Amino acid sequence: MSALTADLYDVIERRRDVRAEFTGAPVADDVLHRVLAAAHRAPSVGMSQPWDFVLVRDSGLRRTFRDHVAAERDGFAASLPPERRATFDRIKVEGICESSLGVVVTHSQARGGPHVLGRHAISDAGLYSTVLAIQNLWLAATAEGLGLGWVSFYREDFLRELLGIPAGVRPVAWLCLGTVSHLETVPDLERHGWRSRRPLADAIHENTWQTKETDHA
């Protein structure tokens with residue numbers, strides 16, 4: 001294995017969904033540009049590049065979004081049985097105000113026009129492209145020594161209105177991006193006992209689907 005290949009696998013292994021490790025120090029402009037450029041180099045169906053990146057630095061916007069996320073978190077917590085609620089209460093779900101900035105990744109299904117090459121049979125291929133851009137951004141951030149956390153406790157309509165995102169453009173992710181004190185060696189959900197990683201062997205099927213014990217776990 002070459003050193004370059006080993007570095008790639010190392011970045012994949014070290015990548016974490018960061019919540020509590022942000023320092024709040026600013027990200028240098030050149031580093032931020034490299035990370036966004038990596039996202040923008042993602043493959044996309046029909047070369048449609050259906051993504052945009054809204055950089056949110058304003059503290060008022062971030063506090064408003066954090067409060068919305070806190071309310072959604074409370075709603076989810078209230079739906080849990082007591083044992084799971086006790087586990088969930090230990091888990092931090094966002095670093096919106098602690099991170100250096102927010103990066104909101106949006107998806108436009110209209111990008112590329114009505115005849116997007118490769119999307120005629122699978123409408124979601126465009127959305128998959130946007131998610132690939134997010135993965136590129138995440139790995140580039142890790143390679144740069146930054147942390148990134150994907151916030152999913154929000155309502156899309158709320159975020160669209162908060163940031164003035166046009167109708168028809170979908171806010172796919174609020175990403176907390178920034179400098180960190182460190183990256184945890186064990187993912188948060190494993191450390192706090194919410195769920196363990198599924199073995200690779202359980203995810204591999206040969207030729208046809210084989211039902212496995214972990215399918216309903």
Checklist outcome for this item: Taking a crude spin-label model, label points 7 Å out from Cα along the C-beta direction, the VAL169 to ASP89 distance in nm is 4.1 nm
Checklist outcome for this item: Counting only residues 5 or more apart in sequence or on a different chain, those whose built amide H sits under 5 Å from that of LEU101 are LEU177
Item to check | Prolate/oblate/rounded label for the stretch 122-217 (Cα gyration tensor, a/c 1.5) | outcome: oblate
Checklist entry - Ranked by accessible surface with a 1.4 Å probe, highest first, in what order do SER48, SER79 come? => result SER79, SER48
Next on the checklist: Please list, in order along the stretch 93-104, the HN-Hα scalar couplings obtained from phi with the Karplus expression 6.51 cos²θ - 1.76 cosθ + 1.60 (θ = phi - 60°), rounded to whole Hz, x for Gly and Pro.
Outcome noted: 9, 7, x, 4, 8, 7, 6, 6, 6, x, 10, 9
Checklist outcome for this item: Hydrophobic long helices for the chain, i.e. whole DSSP H runs reaching 18 angstrom or more by Cα along the axis with Kyte-Doolittle mean at least 1.0, come out as 125-143
Checklist entry - Where does each of 29-35, 114-120, 16-22, 99-105 land if you order them by average Cβ count within 10 Å, highest first? => result 99-105, 16-22, 29-35, 114-120
Next on the checklist: Which one, ARG84, ARG41, ARG198, has the greatest fluctuation when you compute a Gaussian network model over the chain with C-alpha springs under 10 angstrom?
Outcome noted: ARG198
Next on the checklist: Could you work out how much longer the chain between ARG41 and SER79 gets when fully extended? Use 0.36 nm per residue separation minus the Cα distance between them, nm to one decimal.
Outcome noted: 9.7 nm
Item to check | Pair-distance profile P(r), taking every C-alpha pair of the stretch 71-179, with 5 angstrom steps and integer % | outcome: 2, 10, 16, 17, 17, 16, 12, 6, 2, 1, 0
Checklist outcome for this item: Residues whose modelled amide H sits under 5 Å from the amide H of ALA173, counting only those 5 or more places away in sequence or on another chain, are VAL105
Next on the checklist: Could you tell me the center-to-center distance, by alpha carbons, between the stretch 118-189 and the stretch 21-80 in angstrom?
Outcome noted: 6 Å
Checklist entry - Which part of the stretch 176-190 falls in the paramagnetic zone of GLU144, meaning amide N under 17 Å from the point 7 Å along Cα-to-beta-carbon? => result 176-183
Checklist entry - For the modelled label position 7 Å from the Cα of ALA3 along Cα-to-Cβ, which residues of the stretch 128-150 have backbone nitrogen atoms closer than 18 Å? => result 143-144
Checklist outcome for this item: The Cα extents of the chain along the principal axes, largest first and rounded to whole Å, are 52, 50, 42
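The values are calculated or read from the model by the stated rules, or taken from the named source; none is laboratory data. Computed from a predicted model, the values in this text were never measured in an experiment. Because the Cβ atoms are built from the backbone with ideal geometry, glycine has one as well, and the counts that use them run over all protein chains shown. The area values use the complete protein model at the heavy-atom level, side chains included, leaving out ligands, DNA and RNA. Shrake-Rupley method; radii C 1.70, N 1.55, O 1.52, S 1.80 Å.
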